[in-house]
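Novice: Quick one: this structure, given as structure tokens, is what I'll be asking you about.
The values are calculated or read from the model by the stated rules, or taken from the named source; none is laboratory data. None of these values were measured; they are calculated from a predicted model. Note: ideal-geometry Cβ built from the backbone for every residue, glycine included; neighbour counts use all protein chains shown.
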Amino acid sequence: MSTASKDQNEQTGQRAMWSSRMAFILAATGSAVGLGNIWKFPYITGENGGGAFVLVYLLCIAVIGIPIMMAEVMIGRSGRKSPISAMRILATRAGRSANWQWVGWMVIASAFIILSFYSVIAGWALSYIGYAASGTFAGASAETIGGIFSSLLADPATLLLWHSLFMLLTIVVVARGVRGGLERAVTLLMPALFVLLLVMVGYAVAAGDFARGFAFLFRPDFSKLTTSAVLTAMGHAFFTLSLGMGAMMAYGSYLPEKVSIAKTAIIVSIMDTVVALLAGLAIFPIVFANGIEASSGPGLVFQSLPLAFGQMPGGALFGTLFFILLVFAAWSSSISLLEPLVEWLEEHRGIDRKIAAIGGGVSIWLLGLVSVFSFNIWSDVKPLSMFKMFEGKTMFDLLDYLTANIMLPLGGLLAALFVGWALSSKSVREALEMEDNMQFKVWYTLVRYVTPVAVLIVFIYNLG
Ligand code: TRP
């Protein structure tokens, strides 16, 4: 996807490709592993009572997430275009309505909204690099660290600064073509993040209330499971695997033939899940040992881990490293949120990639202001509070809810219906290049029946 190889390929009439299967796995894992794993998973698990929620989430990954990831990558690879065009091309090729391209539009809209608040949260992580490096956390109490977090949120100018910086980082990479520098950087940084998470889990074993943290995550208490928790778990399965909005379609459109889509989807999903569970194991023991509320919301990671960094030997170094790596994880995800839009602008409007990245990025940055202000000057603005399900939600909460819990599952549902019902099973099977008949049948049943029914049931329960 680098611009250089793209130009060359355009001359020869060929499309740029990932250099190898490994490159695709890394890019897709880079997209999947991000704030969703380390920031969002722990805090929504805390808000939704732990074990039972985690179990539903794991189930959604296996039964809905993996099959849909395969479907999305397949759509991208067969269409070889941006999500909008790929859907249109495949639909017309199969003799179906070109209206399927509207799914492509919806997914691009979701990506737009998600990136607008994603960048604000990534900005928190950016600012925490400085706190960690300057030793602010050393020996600090839970109250002091909570205070640091609330004063950051209370200060719109600072939030804006970090949000702008993060958006700039995202634009730069997408403008240069995703394969340029970041693909190589991620090769190194992802394993580093993994190792650092293991170190943090080690610390949590030594100094936290590990038994309680472990039980909280893995001992399901179904009395705590509400229907809205099931919706959140399902929505998060989409969010964390980067599904339902075209990122995997866009990445799949650069995937060479003869790479097993099933295997790669499974590998990516497993790595993503392991990172989320490790983050949970690192955070909850510290949360419980220090009397932090597990249900304290979006600030959970930013209030628990700094406490650990403030107490452990070498904490300033580990803390700095951790937040740097978190920013990189967010960065490799954010580029996948901007890529589908830029790919489309390039393809359709013939807009230069650089201009498309800047134009798209600046518009998203603007929408990001809504989230920035949701934490301070607009923290009392709760526009949809008259509806029970949106009660008490700020505009940031609403954007998050609307995308993760509604638009992503809807995007995934439509992708499943498209692959399962609009395309012929023969063409789908060829596109997946799946040799094993049994495996294909399992996948096809999941995509045709299980996924759509599951998503619909969860929707109906929550709206009704
Ligand atoms: N999966 C990423 C995370 O967990 C976020 C993300 C990147 C995403 N691309 C996406 C979410 C596409 C939904 C759709 O942080």
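Novice: Checking ALA329 against (1) closer than 30 Å to GLY139 by Cβ; (2) out of contact with any Gly (no Cβ under 8 Å at 6 or more places or on another chain); (3) assigned to a helix (DSSP H, G or I), which test does it fail?
Specialist: (2)
Novice: Next question, about the same structure. Of everything in the stretch 63-93 that's polar (S, T, N, Q) and not in a loop (DSSP other than H, G, I, E, B), which residue is surrounded by the fewest Cβ atoms within 10 Å (Cβ to Cβ)?
Specialist: If we filter the stretch 63-93 for residues that are polar (S, T, N, Q), which is where we start, we get 78, 82, 85, 92.
Within this subset, residues satisfying the condition of being not in a loop (DSSP other than H, G, I, E, B) are 78, 85, 92.
Numbers: SER78: 21, SER85: 18, THR92: 13.
Filtering first and then ranking leaves THR92.
Novice: Of the conditions (1) under 27 Å from MET245 (Cα atoms); (2) at pLDDT 95 or above, ALA157 clears all except one; give me its number.
Specialist: Condition (1) is where ALA157 drops out.
Novice: Quick one: which residue in LEU152, LEU168 is under 29 Å from ILE335 (Cβ atoms) and more than 20 Å from the chain's Cα centre (by Cα)?
Specialist: LEU152
Novice: Still on this model: Assuming PHE222 fulfils every condition listed in (1) more than 10 Å from the ligand (Cβ to nearest atom); (2) in contact with a Leu (Cβ under 8 Å, 6 or more places away or on another chain) apart from one, which condition is it?
Specialist: (2)
Novice: For the stretch 372-412, enumerate the residues that are more than 15 Å from the ligand (Cβ to nearest atom), of a type in the set (Ser, Thr, Tyr) and buried (at least 19 other Cβ atoms within 10 Å of the Cβ). Show your work before the answer.
Specialist: Going residue by residue through the stretch 372-412, those that are more than 15 Å from the ligand (Cβ to nearest atom) are 372-398.
Okay, now just the ones that are also of a type in the set (Ser, Thr, Tyr), so 374, 379, 385, 394.
Selection gives SER374, THR394.
Novice: Now for a different question. Taking the condition modelled with pLDDT under 90 and small (Gly, Ala, Ser), does SER385 pass? Break it down into steps so the answer makes sense when it comes.
Specialist: On the way: modelled with pLDDT under 90: yes; small (Gly, Ala, Ser): yes.
Here the answer is yes, as SER385 does meet what is asked.
Novice: Now for a separate question. Which one of these is buried (at least 21 other Cβ atoms within 10 Å of the Cβ), closer than 29 Å to TYR401 by Cβ and over 18 Å from the mean Cα position of the chain (by Cα): VAL268, VAL287? Full working, then the answer.
Specialist: Details: VAL268 fails: over 18 Å from the mean Cα position of the chain (by Cα).
Of VAL268, VAL287, the one residue that is buried (at least 21 other Cβ atoms within 10 Å of the Cβ), closer than 29 Å to TYR401 by Cβ and over 18 Å from the mean Cα position of the chain (by Cα) is VAL287.
Novice: If TYR254 satisfies all but one of (1) of a type outside the set (A, V, I, L, M, F, W, C); (2) in a loop (DSSP other than H, G, I, E, B); (3) more than 16 Å from the ligand (Cβ to nearest atom), what's the number of the condition it fails?
Specialist: (3)
Novice: Please work out if ALA229 is over 20 Å from ALA330 (Cβ atoms) and away from the ligand (no atom under 15 Å from the Cβ).
Specialist: In short, yes.
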